[in-house]
Amino acid sequence: MTPKVNAPMSAAATIRHRRPVRWRQAGSVLAIVILGHWAVLSAATLQSGMPAAMTNTGMVFETRWVPVEPRAPAGDRIAKQNRPQPASASHKPSTPSATVPDSAIAPRTAPMEETQLLAAARTEETAESPKAGIAAQPATSASPRTPTLPPSVRLLYDIKGETKHIPVSAQGELLWRQDGKTYDARMEIRIFLLGSRVQTSKGLIGAQGLEPVRFGDKVRSEVAAHFERGKGKVTYSANTPDEPLQAGAQDQLSIFFQLAGLLAAGQERYPPGSTLSFQAVGPRSSETWTFKVLPAETIALPGGQVRALRLTKDPLGDYDSRAEVWLAPELDYLPVRIRLTQSNGDMVDQLWRATERPPATP
């Protein structure tokens, strides 16, 4: 038998032969990019946010109970906002303090309905001392004022970032509703093909501003913090230890609306160099967030040029993020930009794009 001799491959055959190798290489690069995007989504706090116990230093408002007068609907102003000038806008970063896999979380108790949570909070508020709902006051301010909370609104954001030198882009939405007695806030960050992260905050409106009742944080499954004001503690569905509830405590989403209300009530009380501190409750623990007020500046955003007051939060440890937030007076002091920078150089920048009317309450 004549032995079979392999003929040389033609150039076209060689190309066809090698094509699967290049596809495998491209697939590997695509997988790295997707994993990088998902890492930023899991690390971003829009917190956003900036997720420890907090001190009470200089953080007491007088216990004067005055009904909050909600601002007039922003319909007329919002209608005029389409580029370059807006009318009502907002933000939330949050850096998660996740240490327990979401899949391993077992709820401590069956979740309560929204109406039950708010009704229970009102009952506790009536039965207990007014001290349970007092909001934080910066040490530099004079006499306290009732925060002027923004009207109901929906803000849209473009989100840019970088993780391990890989660019990341996403879309964000901040929904805020309030009726003068209760409030409901929701922040969602969406990355194409990778899903979303949603943070929610619900609670009451008191004389000193927002009094959160429940804070939720959901990527795959949800973990939540419950504010038990009658018992003076915060409990967590992730089975992490309970913590004392400090005066003026906020969660990692409500804190941005509380800041907006305090500044809208009197920006002159917070000159550059002054600070505002809060107990910031996350889904598994709380920390002290201290914001330093810097001079206002004009920034260019997808929604147009906006004059905004800049506040910064320094890292609390080697692995914490530095946070910067810009609050725009013409948009009711809601956040038009939130930038988080990690110690390793990774960065997420949330930029205001548009303002819309909120959907009707379901």
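The table that follows gives values for the structure above.
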quantity	calculated
Subset of segment 157-188 that is modelled with pLDDT under 95 and β-branched (Val, Ile, Thr) - its residue that is nearest to Asp332 (Cα to Cα)	Val168
Subset of segment 194-217 [outside any strand (DSSP E or B) and buried (at least 20 other Cβ atoms within 10 Å of the Cβ)]	Ala207, Gln208
Residue list for segment 154-193, restricted to those being of a type in the set (A, V, I, L, M, F, W, C) and not in a strand (DSSP E or B)	Phe192, Leu193
Extreme residue, most open to solvent (accessible area, probe 1.4 Å), among residues of segment 227-237 that are part of a strand (DSSP E or B) and over 9 Å from Pro283 (Cα atoms)	Lys233
Which listed residue, of Glu324, Glu330, Glu356, is open to solvent by less than 40 Å² (accessible area, probe 1.4 Å) and either of a type in the set (Lys, Arg) or touching a strand residue (DSSP E or B) at 6+ places or on another chain (Cβ under 9 Å) (or both)	Glu324
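Matching residues to (1) open to solvent by less than 10 Å² (accessible area, probe 1.4 Å); (2) in contact with a Ser or Thr (Cβ under 6 Å, 6 or more places away or on another chain):
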| residue | (1), (2) |
| --- | --- |
| Asn239 | no, no |
| Gln252 | yes, yes |
| Phe257 | yes, no |
| Gln267 | no, no |
| Pro272 | no, no |
| Pro283 | yes, no |
| Lys292 | no, yes |
| Pro302 | no, no |
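The values are calculated or read from the model by the stated rules, or taken from the named source; none is laboratory data. Remember, predicted model here, so these are calculated numbers, not experimental data. Here Cβ is always computed from backbone atoms with ideal geometry, including for glycine, and neighbour counts include all displayed protein chains. All accessible areas refer to the heavy atoms of the entire protein, side chains included, with ligands and DNA or RNA removed. Shrake-Rupley method; radii C 1.70, N 1.55, O 1.52, S 1.80 Å.
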